[in-house]
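What follows draws every value from the coordinates through simple rules; no lab data is involved. As the structure is a computational prediction, the values presented were derived from the model and not from experiment. Note that we place each Cβ from the backbone using ideal geometry, even for glycine, and neighbour counts take in every protein chain shown.
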Amino acid sequence: MSCSPGFNWSLQRAGGKKGRRRQKRGHRKGVRVKIQYCIFTLTPFFRELDGGPQREIERGGSWSLDLPVRQQASSSWYHPHTHHKTGPQTYNGLAGMFIIDDENSDDLPLPKTYGIDDIPVIVQDRIFDELGRLDYSIEDAEDGMLGDTITANGIANASRHVPAGLVRLRLLNGANARYFRFRFSDNREFHKIATDGGFLEEPVPIRELLMAPGERNEVVVDFSNGNPTMLVSGPRAQTVNDDRRRDEDERDRRRNRESGGLGDMFEILQFAVNPDLPAVRESLPRQLNSINRPTVQRNWPVRRFDLFMRGDRRRGVSGAFQSRAEMEMGINRQMMDMQVINERVRLGQWERWAINSFDGSHPFHVHGCSFLVLSQDERPVSAEDAGWKDTVRVDDSAEFIVRFNHKATDEFPYMYHCHILEHEDRGMMGQFTVTLGYRKG
């Protein structure tokens, strides 16, 4: 993790050991956050400990908490959530990956030697000035912060030696606003094994992987042939041409551009094979996980969320926002207001959430849960995204089912928001509580 000049912070495990960001499910993790020279909020993952903007830590302050780890094995992450300041604070380095293991992940015959064949890859885009300092300046509020230099784990022009066998990459799109379409320069096939919230039921072979800001995916790549390759992002490979991707191409043509700079070509991470490194050469297991998918019931509550940006003249949206004219974006014609609870959800109740975007693509993120996507753009969810998620890409529409198993109070509610951080900072966010019963107001 890197911090910009002038920022000084620490994340400590109970007992004082710094830098440990891997934990076993079922354990409790003591965490102490100490802040100097800035104000920010941490986003933990569970229960009423959720770190929304209400958890702002003042300069010079600290916050100690006991974090129960209850979700299944996954690649999670943490970052600030300060109202109006999430974009610049995350951009300046306040973020990191948090890896959760459990009995299932321990037992699966997957690469799991950290730093050798089990490698976190945090991809971000940045702008540097002539002195090599980070430059956070936004030309287009609609696009968000798009940089011209790509870093992998904080390094530009990164390279990595890997063993001549299976290698597991834990991919995190940690960019503020940029989308990535990952593939390899030699167009090799690889397998997706996990989404944001855990393992897929079985490996899915793919040749490219589209990731919006905030999404995490785990993939396994076979390097047993010894050939080097480059992880790249850019326009869709010509060999990929199924119906879903043809629809995406047509939508992009209608909008006269691809979402989040997807048309930009970048070389991200060079891989070279070192035959002396210990290698896993087993076949991938056929089954990775068992996901209990409930049958959708007609009597489940349905919530609808319409994502808007100011100036959209379709459907009479222009001028519909209620207050604070400097905020340009919102959900259901409302901009984020710290004093307003937008939704009230019943504890343990399955619900259907339907998300619509009327201008651009938005990664919709929900706190306090993992959900199962039903459809995107009115198409059934693809096999590669049929696992537990907490962030879903909404080009035109998306629908998912969700159940909240942990309470959230009026004092410390959960959040839902666009994970383009500049959209969140400008108001595309809302708050909700989770209680045993509904309450009006």
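Over 28 Å between C-alpha atoms is what I'm after, so list which of Lys192/Lys407; Lys85/Lys192; Lys112/Lys389 land there. In this structure, Lys192/Lys407; Lys85/Lys192 lie more than 28 Å apart at Cα. Under the combined filter of DSSP loop state and at most 12 neighbouring Cβ atoms within 10 Å, the range 321-417 retains these trypsin sites (Lys or Arg not before Pro): Arg333. To the nearest 0.05, how large is the calculated FRET efficiency for His161 and Arg333 if R₀ is 51 Å and r is the Cβ-Cβ distance? The computed FRET efficiency comes out at 0.45. Among the GluC sites (Glu not before Pro) found in the range 150-219, those both in a DSSP coil and sparsely packed, with 12 or fewer other Cβ atoms within 10 Å of their Cβ, are Glu189.
Seen from Trp353, the other residues with C-beta closer than 13 Å to its C-beta sum to a net charge of 0, counting Lys and Arg as +1 and Asp and Glu as -1. Per residue, the convex hull spanned by the alpha carbons of the range 346-431 comes to 95 Å³. So in the range 120-176, what percent of DSSP beta bridges are antiparallel if you round to the nearest 5? About 65 percent, rounded to the nearest 5.
The stretch between Thr435 and Arg286, if pulled fully straight at 0.36 nm per residue, gains 49.7 nm over its current Cα-Cα span. Along its principal axes, the range 108-273 has C-alpha extents of 46, 44, 30 angstrom, given from the largest down. The residues packed around Leu277, meaning those with a beta-carbon under 13 Å from its beta-carbon, carry a net charge of -1 if Lys and Arg are +1 and Asp and Glu are -1. When Ile206, Ile355 are arranged by Cβ crowding within 10 Å, least crowded first, meaning fewest neighbours, the order is Ile206, Ile355. Separation of the range 265-300 and the range 377-403 by C-alpha centroid, Å? Computed from Cα coordinates, the inter-centre distance equals 18 Å. Within the range 327-436, the GluC sites (Glu not before Pro) that combine a DSSP coil assignment with at most 11 other C-beta atoms in a 10 angstrom radius are Glu378, Glu411. Entry note, the range 83-150: relative contact order of 27 percent, from Cα contacts under 8 Å with a spacing of 6+ residues.
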